[in-house]
Structures are given as C-alpha cells and as structure tokens.
Amino acid sequence: NASRLLGKTVLVTGASGGIGAATAILFAKGGANVILVARRADALKTVSDACVAAHKDSGLQQGGKFAAIQLDVSDKAQVAALWDKVPQDLQDVDVLVNNAGYVLGVEHVGDIADADIEGMFATNVFGLISMTQLLVRKFKAKQSGHVINLGSIAGIEPYAGGSIYTATKHAVNAFTGSLLRELVNTPIRVTEIQPGMVETEFSVVRYRGDTKAAAKVYEGLQPLTAGDIAEEIVWAAARPPHVNIAQTLVFPVNQA
Ligand code: NDP
C-alpha cells in the first residue's frame, strides 16, 4: 500500500541519473520527501525539479520536500559532514537507498589500473558502508528505518572482464546479508535489490564514454528500464512494517 510512504523521508544516493533518479521521482510521486545525493550538481537539480513536478501532479498534500546534496559517497569526510548539508526538516530519514555505484572498464585482471580498482571499491563498497553506518545509527536511535542496497546479478555470478565490479557486488551482498541478520528482531528492515540488465548510463560509464560499445550490450534484447527497478524499490519500501523484502533478483525476459 503506497499510502505507507506518505510524508516519509527517503535518502537516495546516485540520484542524478538512471535507477536513482527514477527512484527519487517515484518516491516523490508517492508523497514522500526525498534527499537526492550525487556528485553532479546540475544533473541533481534536473532530477530534483522533476521530483517537484511529479509531486505536484500527484495532487498529494504529504511529502513534496526535496533537497539536492552534492556529495561523493566515496569521500569519508563528505559523508561524515552529510547532516550539515541536509535541511533540518529532512533530517529524520526513514529509508536509505544505497544506489550509487558503477563499473569502469572490461579489462582482464592483469591489465586493470589501480585507480579503477580503488575507485570501484571506494564507491560501491566503502561508500555504501559509510552511508549505511551513518543511517543505521539514526535508525537504531529512533527504532525504525529501512536500508535498501543495490546489489546486482554480478553479486551472485562473476563474469570475465568484470572481476573488480563483481567483487564489489559480492561484497555488497555479503555486507547486506550480515546487516539483515544483525538487525533481526528490530523494526529496522534491510533489503537487497539485485537487478539484471538495466539500460541506463551504466554501460556508457563501463565503456568509458564509448556510446556505440555501450549500446551494443542491449542489441537484440529488451533490457529493464530504470523505472522497472524504481518500482521494485518503492514497492519494497511500501510493505507493511512486519514484512521485510530481504532480496529480489529481477531480469529482463531475455536474460537468465
Ligand atoms: P548510472 O550510471 O545511470 O547511475 C549511477 C549513479 O550513481 C549516478 O547518479 C552517479 O551520479 C552516481 N554515482 C556514481 N558514483 C558516485 C559517488 N562516488 N558518489 C555519489 N554518487 C555517485 O547507473 P545505474 O542507474 O544503472 O546504476 C545504479 C546502481 O544499480 C549501481 O549501484 C549499479 O551497480 C546497479 N546496477 C545496475 C545495473 C544495470 O544494468 N544498469 C544492473 C545491476 C545493478 P554522479 O556521476 O552525479 O555522481
């Protein structure tokens, strides 16, 4: 029941594009307040404006408060200073969506640059952990909350040319599973969303801006859209408080 989202406050990382942007907009449409976090301020502003429009169209009274926070989740100092940037009336966060993440390159193990290895771990794993720590402290203090982490099929099945990315997503899987077990018997919920192929900027980043190579990934199949995954995330957040969607694996029909 989407009415459970009315007036709730959701923090979405990686909200400037792809799955994060679609998720922020869908929460806005459902009457939630949204804190949008990412590195690109201009792209964040565009998504935040779309949230305002989506909330207006919904005609709902609840929600409608949005904050665009320029922040790199891989920078521990920036994460530690997050609350200095969040407006007072949005500090009581109910749901954290740890979505920021990327894969850079398709090189085999001996050829991967240190900076790429460190960068992927810094965002996909350490950034996700830092954000989770920050919010779990808050959720424990108020005895409610929901952590929703974006894993991937790559967190279950490794693939050639994806050693570092799959290692990061396996780490997300292990971390999220441990957190779930740590918080059992508390009102704090923990969810891992594991998408298959979703068409976003993800592949453009993977191929370092080569849009032709990126488009080739989706040739001859119908990938998921960012909106498909946003619906799943919002659905998980809108379950009754006693229901915890622990893990979901969603593929396009062309993938197995
Ligand atoms: P996009 O590349 O379209 O979006 C990634 C988002 O993450 C952008 O908003 C980017 O914004 C943000 N981001 C990246 N690094 C950081 C950082 N250090 N700090 C803050 N924000 C950051 O990709 P998707 O929407 O497809 O991916 C979202 C999540 O879904 C990722 O975790 C990805 O691994 C996962 N996923 C994606 C799949 C797919 O096929 N697309 C499949 C399975 C999982 P900015 O550059 O402004 O910081």
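The values are calculated or read from the model by the stated rules, or taken from the named source; none is laboratory data. As the structure is a prediction and not an experimental result, all values here were calculated from the model. Neighbour counts run over all protein chains shown; Cβ positions are idealised from the backbone, glycine included.
Data table
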read-out	value
Pairs, first outside any loop (DSSP other than H, G, I, E, B) in segment 13-26, second among the aromatic types (Phe, Trp, Tyr) and within 6 Å of the ligand (Cβ to nearest atom), C-beta under 8 Å, six or more apart	18/202
Those residues of segment 27-51 which are assigned to a loop (DSSP other than H, G, I, E, B), within 16 Å of residue 135 (Cβ to Cβ) and within 8 Å of the ligand (Cβ to nearest atom), in sequence order	none
Every residue from segment 189-228 that is among the β-branched types (Val, Ile, Thr), closer than 12 Å to residue 252 by Cα and within 7 Å of the ligand (Cβ to nearest atom)	198
Some residue of segment 157-167 being of a type in the set (Asp, Glu) and more than 23 Å from residue 11 (Cβ to Cβ)	yes
So residue 109, is it more than 16 Å from the ligand (Cβ to nearest atom), in contact (Cβ under 8 Å) with a residue 12 or more places away in the chain and within 16 Å of the chain's Cα centre (by Cα)	no
The lone exception for residue 191 - which of (1) of a type outside the set (Asp, Glu); (2) assigned to a loop (DSSP other than H, G, I, E, B); (3) in contact (Cβ under 8 Å) with a residue 24 or more places away in the chain it fails	(2)
Test result for residue 220, among the small types (Gly, Ala, Ser) and modelled with pLDDT under 95	yes
